[in-house]
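The values are calculated or read from the model by the stated rules, or taken from the named source; none is laboratory data. If you're wondering where the values come from, they're calculated on a predicted model, not measured in any experiment. Neighbour counts run over all protein chains shown; Cβ positions are idealised from the backbone, glycine included.
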Amino acid sequence: MRKALALLAFGVAALAGGGIAQADPDSMDSQYLALLDRDGIASSSGAVTKIQLGHQICSSRMSGNSESSVVQFVYAYSHLDYDTSKAFVRDAETVYCPGYLGGGGASV
């Protein structure tokens, strides 16, 4: 679990600055970016960093971290407020790991 949170920390730190890229409009990545846009989640990090962080969020969830601990982690180590951090995590779960949405997931 600590390794997953360490990887997540790297991604959250990168949320403040990074590269720019466009995702395929029919891809899961585009769906994720559209949800972030819908929720008003913007950053200077660009699409690549947001997508990487979305995958890291799901890796952390699949490693046994609870949704609330991941939300708290994103909140603590990013420029996002708590509600926005929660939306960021939920958007990642919705697209990349829907079985974990809302606190669900496999027992570890």
Could you please find all residues in the stretch 61-84 being within 21 Å of MET28 (Cβ to Cβ) and either among the small types (Gly, Ala, Ser) or touching a Pro at 6+ places or on another chain (Cβ under 6 Å) (or both)?
SER63
Can you name every residue in the stretch 33-53 that is over 12 Å from ALA87 (Cβ atoms) and in a helix (DSSP H, G or I)?
LEU33, ALA34, GLY46, ALA47, VAL48, THR49, LYS50, ILE51, GLN52, LEU53
Of the residues that make up the stretch 82-97, is at least one at pLDDT below 95, assigned to a helix (DSSP H, G or I), crowded, with 18+ Cβ neighbours inside 10 Å and basic (Lys, Arg)?
no
I need the full set of residues from the stretch 59-78 which are of a type in the set (Ser, Thr, Tyr) and assigned to a helix (DSSP H, G or I), in order please.
SER59, SER60, SER68, SER69, TYR75, TYR77
With criteria (1) under 16 Å from GLY105 (Cβ atoms); (2) surrounded by 18 or more Cβ atoms within 10 Å (Cβ to Cβ), SER69 comes up short on (2)
